[in-house]
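Right, one structure below, let's go through it.
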2 protein chains.
Amino acid sequence: MADEVVLLDFWPSMFGMRVRIALAEKGIEYEYKEEDLRNKSPLLLEMNPIHKKIPVLIHNGKPVCESLIIVQYIDEVWNDRSPLLPTDPYQRAHARFWADYVDKKVYEVSRKIWTTKGEEKEAGKKEFFEIFKTLEGELGDKPYFGGETFGFVDLSLIPFYSWFHAIETFGEFNMEAECPKIVAWAKRCLQIETVAKTLPDQKKVYEFVGQMRKRFGLE
Amino acid sequence: MADEVVLLDFWPSMFGMRVRIALAEKGIEYEYKEEDLRNKSPLLLEMNPIHKKIPVLIHNGKPVCESLIIVQYIDEVWNDRSPLLPTDPYQRAHARFWADYVDKKVYEVSRKIWTTKGEEKEAGKKEFFEIFKTLEGELGDKPYFGGETFGFVDLSLIPFYSWFHAIETFGEFNMEAECPKIVAWAKRCLQIETVAKTLPDQKKVYEFVGQMRKRFGLE
């Protein structure tokens, strides 16, 4: 039986992009279903009744939820090609630690920058710079977080690049001036076809964020 | 070379207990180092400079942080005995999903019950019951979350049992009346020697929580 793979997703989602990159890295064909998050489909509610969130990967009818869990699932099922996690247990734990760090830190603080004003926004920016400086420290002089090749941590973080223009514009700072090593790393990742093909245009994300800000009464 | 395994931990930590159960399940000898969290050791700060939190597993000099990542690391390194995660990728993803659910939900809401008063505490209790009802739904009629045998989700959740007496006393409710299936499951887990040996006495945790409440000015 051929594998039937369906992805429930929403185009600007950093979490969805992780799964799209993983599927592209593995060369897996799948059906992409765009969700309207203000009017979630019965399929999404059935497949992820606990969190009711995208992305959901449906593999031969069975759902897998939470982006980093989906990426690990993809790596374990299609384990004959393009490994996403290292094979060494220590390196795997190290990669999981930093992907978890991205999960716990980057989304919330990015959101703070474009959803708040004044002091709260300034505090968000300070925290944002600290987080990305920490990530720059971990990257060090390596081309990728995974070392010589693009890996699990790179895949976890790179989707945020498509949001950088929105974040720096609404946050009133210059990402390249603040975190040059991260921007250089991101541009390196964009040389990879699966990443370049997956990430939406920064201007399109900026427009989307602008619409969200209007809806939140910030503009 | 024999493995040198050190655990930096704090006895009432649910996260530390997960690692202690995993090490016991695998029959690994290790040196236990108790941390004073109000005066963290230079070793802890050196081994976990990012989060500065216990537990940290130091294996042949190299640190692994974050409890669920440590448990997966232990399972991958000592893979010749007592598997903690299932081997099937779908079941692994399913176990990771529920362990992640426990991580995201249970600690915060438990803490809310014993650190707040009035409306906030009542809201915490309502949320606590909803979370444990969801967990009871996932458990269903199985003896363990892992099915017929104690597994990754059981190991992730069972440490909270040692806090139940404190939570239900300060929360003014009866856990067995509210969530009978979870209490029955916990008692089943306590039949397992590695769990029974690891979990501290509920009364001792209750006294510890009482001291914390005094320090927070709640008593």
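The values are calculated or read from the model by the stated rules, or taken from the named source; none is laboratory data. What you see is a predicted model, and the numbers here were worked out from it, not measured in a lab. Because the Cβ atoms are built from the backbone with ideal geometry, glycine has one as well, and the counts that use them run over all protein chains shown.
Give the range B:72-115 a look and list any residue that's farther than 15 Å from B:PHE173 by Cα and among the polar types (S, T, N, Q), or say none.
Result: B:GLN72, B:ASN79, B:SER82, B:THR87, B:GLN91, B:THR115.
Mind checking which residues of the range A:11-29 are out of contact with any helix residue (DSSP H, G or I) (no Cβ under 6 Å at 6 or more places or on another chain) and among the aromatic types (Phe, Trp, Tyr)?
A:TRP11 - this is the single residue of the range A:11-29 that is out of contact with any helix residue (DSSP H, G or I) (no Cβ under 6 Å at 6 or more places or on another chain) and among the aromatic types (Phe, Trp, Tyr).
Find the residue count for the range B:79-101, including only residues that are assigned to a helix (DSSP H, G or I), crowded, with 21+ Cβ neighbours inside 10 Å and of a type outside the set (Gly, Ala, Ser). Quick ask: steps written out before the conclusion?
Applying the first criterion (assigned to a helix (DSSP H, G or I)) to the range B:79-101 yields B:89-101.
Narrowing the set further to residues that are crowded, with 21+ Cβ neighbours inside 10 Å leaves B:93-99, B:101.
Subsequent filtering for residues that are of a type outside the set (Gly, Ala, Ser) retains B:94, B:96-98, B:101.
Here the count works out to 5.
Can you find, within the range A:60-69, the residue that is nearest to the other protein chains (Cβ to nearest Cβ) among those that are assigned to a loop (DSSP other than H, G, I, E, B) and under 12 Å from B:TYR90 (Cβ atoms)? Write out each step before concluding.
Let us first name the residues in the range A:60-69 that are assigned to a loop (DSSP other than H, G, I, E, B), namely A:60-61, A:66.
Filter once more, so that each one left must be under 12 Å from B:TYR90 (Cβ atoms): A:60-61.
On the way: A:ASN60: 9, A:GLY61: 11 Å.
The residue in question is A:ASN60.
Out of A:PHE15, A:PHE10, A:PHE97, report the one residue that is more than 14 Å from chain B (Cβ to nearest Cβ) and either within 20 Å of B:ARG96 (Cβ to Cβ) or modelled with pLDDT of 95 or more (or both).
On the way: A:PHE15 fails: more than 14 Å from chain B (Cβ to nearest Cβ); A:PHE97 fails: more than 14 Å from chain B (Cβ to nearest Cβ).
When all the criteria are applied, what remains is A:PHE10.
Those residues that are more than 7 Å from chain A (Cβ to nearest Cβ) and free of Cβ contacts under 8 Å to residues at least 60 places away in the same chain, I need them from the range B:84-94; list them, please. Write out each step before concluding.
Going through the range B:84-94, the residues more than 7 Å from chain A (Cβ to nearest Cβ) turn out to be B:84-88, B:91, B:94.
Of everything in the range B:84-94, those that are more than 7 Å from chain A (Cβ to nearest Cβ) and free of Cβ contacts under 8 Å to residues at least 60 places away in the same chain turn out to be B:THR87, B:ASP88, B:GLN91, B:HIS94.
Show the residue pairs that are 6+ apart or on different chains and have beta-carbon atoms under 9 Å apart, the first residue being within the range A:196-219 and over 20 Å from A:PRO159 (Cα atoms), the second being at pLDDT below 95 and in a loop (DSSP other than H, G, I, E, B).
Taking only residues 6 or more apart or on different chains, the pairs are A:ARG213/A:GLU219; A:LEU218/A:THR116; A:LEU218/A:LYS117.
Which of the residues spanning the range B:127-145 are outside any helix (DSSP H, G or I) and touching a Lys or Arg at 6+ places or on another chain (Cβ under 8 Å)? Spell out how you get there, then give the answer.
Step one: list which residues in the range B:127-145 are outside any helix (DSSP H, G or I), which gives B:140-145.
Of everything in the range B:127-145, those that are outside any helix (DSSP H, G or I) and touching a Lys or Arg at 6+ places or on another chain (Cβ under 8 Å) turn out to be B:PRO143, B:TYR144.
Identify, by number, the condition in (1) within 9 Å of another protein chain (Cβ to nearest Cβ); (2) surrounded by fewer than 20 Cβ atoms within 10 Å (Cβ to Cβ); (3) of a type in the set (S, T, N, Q) that B:GLN72 doesn't meet.
(2)
Under the condition of being part of a helix (DSSP H, G or I) and either surrounded by fewer than 15 Cβ atoms within 10 Å (Cβ to Cβ) or of a type in the set (Asp, Glu) (or both), which residue from the range B:112-126 is nearest to the other protein chains (Cβ to nearest Cβ)? Before you say what the answer is, go through the steps one by one.
Within the range B:112-126, the first condition is being part of a helix (DSSP H, G or I), and the residues that meet it are B:112-115, B:118-126.
Within this subset, residues satisfying the condition of being either surrounded by fewer than 15 Cβ atoms within 10 Å (Cβ to Cβ) or of a type in the set (Asp, Glu) (or both) are B:118-120, B:122-123, B:126.
Working: B:GLY118: 26, B:GLU119: 24, B:GLU120: 21, B:GLU122: 24, B:ALA123: 20, B:LYS126: 17 Å.
Among those that are part of a helix (DSSP H, G or I) and either surrounded by fewer than 15 Cβ atoms within 10 Å (Cβ to Cβ) or of a type in the set (Asp, Glu) (or both), it is B:LYS126.
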